[in-house]
Each structure stands twice: as C-alpha cells, then as structure tokens.
1. Does residue 75 fit the bill of being open to solvent by 30 Å² or more (accessible area, probe 1.4 Å) and not small (Gly, Ala, Ser)?
2. Would you please list the contacts, defined by Cβ atoms under 8 Å and residues six or more apart or on different chains, that run from a residue in region 70-87 that is of a type in the set (Asp, Glu) to a residue that is outside any helix (DSSP H, G or I)?
3. Regarding region 131-144, can at least one residue be identified that is acidic (Asp, Glu), over 24 Å from residue 90 (Cβ atoms), open to solvent by 50 Å² or more (accessible area, probe 1.4 Å) and at pLDDT 95 or above?
4. Quick check: is even one residue across region 104-127 hydroxyl-bearing (Ser, Thr, Tyr) and open to solvent by 40 Å² or more (accessible area, probe 1.4 Å)?
5. Go through region 87-103 and give me each residue that's more than 16 Å from residue 68 (Cα to Cα) and either surrounded by fewer than 19 Cβ atoms within 10 Å (Cβ to Cβ) or more than 14 Å from the chain's Cα centre (by Cα) (or both).
6. For region 19-64, name all the residues that are within 17 Å of residue 81 (Cα to Cα) and open to solvent by 50 Å² or more (accessible area, probe 1.4 Å).
7. Being in contact with a Cys (Cβ under 9 Å, 6 or more places away or on another chain) and in a helix (DSSP H, G or I): is that true of residue 33 here?
8. Looking at (1) assigned to a helix (DSSP H, G or I); (2) more than 18 Å from residue 109 (Cβ to Cβ); (3) free of Cβ contacts under 8 Å to residues at least 24 places away in the same chain, find the lone condition where residue 140 falls short.
Amino acid sequence: MSEWATAGSPEAQTILGQMLMDGRGGPADPVAGFGWFLKAARAGRPMAANMVGRCYENGWGVTPSDEAATSWFAQAAHAGLDWGMYNFATSLALGRGVAENKAAARAWLEKAVALGHAKSMTVLGGFHEDGWAGPVDTAQARSLYERGAAGGDFRGAFNVGRLLVEDGRAAEASSFFQTAWRTGTPAFRDNLLSWLESRAEPTLQGLRRALQAGR
C-alpha cells in the first residue's frame with residue numbers, strides 16, 4: 001500500500017492514511033496519517049477531504065480548527081460524498097466554523113438522505129420533529145428514524161423506541177433500545193441508561209437493569 005501511495009495513487013493514500021490513524025500494521029501515527037489524507041484530498045479524492053476535515057475537527061495529527069474542518073467538509077460535500085454532506089450539515093446546524101444556517105444544513109441532509117446515508121436520516125428526522133427550518137412533522141420524523149435504524153444508525157433505533165414509548169408501546173420499544181445499546185458508543189450507552197432510569201414504565205426499568213447487568 002505504501003508503494004502505491006508514494007507513487008501517487010489518491011486511493012492508496014487515503015487507505016494508508018486510515019491505516020496509520022488506526023494503527024493497523026504498525027504503531028498508530030496520526031501525523032503521518034493526516035499527511036496522507038491531505039495529499040489525497042489535494043488530488044481531489046472526496047473521502048480524503050472528509051477525513052482531513054475529521055482530523056481538524058478532532059485534532060488527529062493536526063491542531064484542531066473548526067474553520068478548517070468545515071472548509072474540508074464543504075469540499076467533500078460539493079464533490080458528492082454523503083459523509084461530507086452529513087459533516088458539513090452538522091457544522092452548519094451548530095454554527096461550528098461557519099455561521100449557523102439550519103436551512104442550509106437541512107438541504108444538505110436531504111441530499112445525503114437521497115444517497116441512502118443512515119445517520120443523515122436520523123438527524124433530518126430530528127429537524128422534522130423539532131421544526132427546524134420547516135414545520136413540525138412527527139410522522140415524517142418517525143419515518144426517517146425508522147429508515148435510519150434500518151440502515152444501522154443506533155440513534156435512529158433509539159428515536160424509534162422513544163416515540164413508541166410516547167405512544168404507550170414500551171414493550172415494543174424495548175427491541176429498538178437493545179439494538180441501540182449493542183451498536184452505540186460507550187457515551188451513548190451511558191445516556192441511554194440515564195434516559196431509561198428517568199422512565200416509570202416497569203418494562204423499561206427491567207430493561208435498564210438487564211443492560212447494566214450485562215455490561
């Protein structure tokens with residue numbers, strides 16, 4: 001892979017950058033990983049541009065910069081990458097490194113959803129549920145959460161379960177919470193336990209105890 005990357009293959013450079021970030025095949029080297037992402041991004045590879053943005057967002061091998069992160073996410077988004085659209089939309093929605101613009105964020109999420117991006121489905125569902133840059137539409141929010149969950153997004157699964165609980169269908173919701181638990185991050189799991197603890201439904205209290213016991 002390093003030979004192809006050195007020879008100038010943007011695809012190989014992107015893969016090598018990720019391997020160095022993850023420490024696959026040797027010690028992790030975020031600085032070198034960032035360097036290879038940057039080479040590939042400058043050669044026009046959208047996924048590499050998105051990863052340069054992620055590096056600036058999280059300080060992986062480079063000094064963090066919201067402005068730089070958003071600029072690279074925008075480049076990836078305009079090149080047609082669904083992850084770039086999602087990340088650029090997130091920056092726009094939060095006003096992170098760019099002026100807050102929820103209408104523009106919603107438009108980019110809609111583009112990513114059209115490409116089948118599951119996390120964007122969940123976030124766009126939140127826009128419909130909360131009435132951001134458009135009217136409140138709970139039915140559309142539920143549909144998007146269901147699509148996000150079906151696509152493997154753990155927050156989508158949680159939101160499907162949450163709306164089922166609001167409908168008085170806690171037993172049916174449990175399977176969605178279990179899916180969210182299995183696939184969610186450690187921080188999300190902590191939040192899920194806190195949310196379950198706040199509920200009075202016996203089914204959900206039983207689920208909380210079971211999840212805690214199985215950690």
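The values are calculated or read from the model by the stated rules, or taken from the named source; none is laboratory data. Computed from a predicted model, the values in this text were never measured in an experiment. Every residue, glycine as well, gets a Cβ built from its backbone with ideal geometry; the counts of neighbours run over all protein chains shown. Keep in mind that these areas ignore ligands, DNA and RNA; they rest on the heavy atoms of the full protein, side chains included. Shrake-Rupley method; radii C 1.70, N 1.55, O 1.52, S 1.80 Å.
1. yes
2. 82/115; 82/116; 82/117
3. no
4. Within region 104-127, none of the residues are hydroxyl-bearing (Ser, Thr, Tyr) and open to solvent by 40 Å² or more (accessible area, probe 1.4 Å).
5. 101, 102, 103
6. 42, 43, 44, 45, 47, 54
7. Values: in contact with a Cys (Cβ under 9 Å, 6 or more places away or on another chain): yes; in a helix (DSSP H, G or I): yes.
Yes.
8. Single failed check for residue 140: (2).
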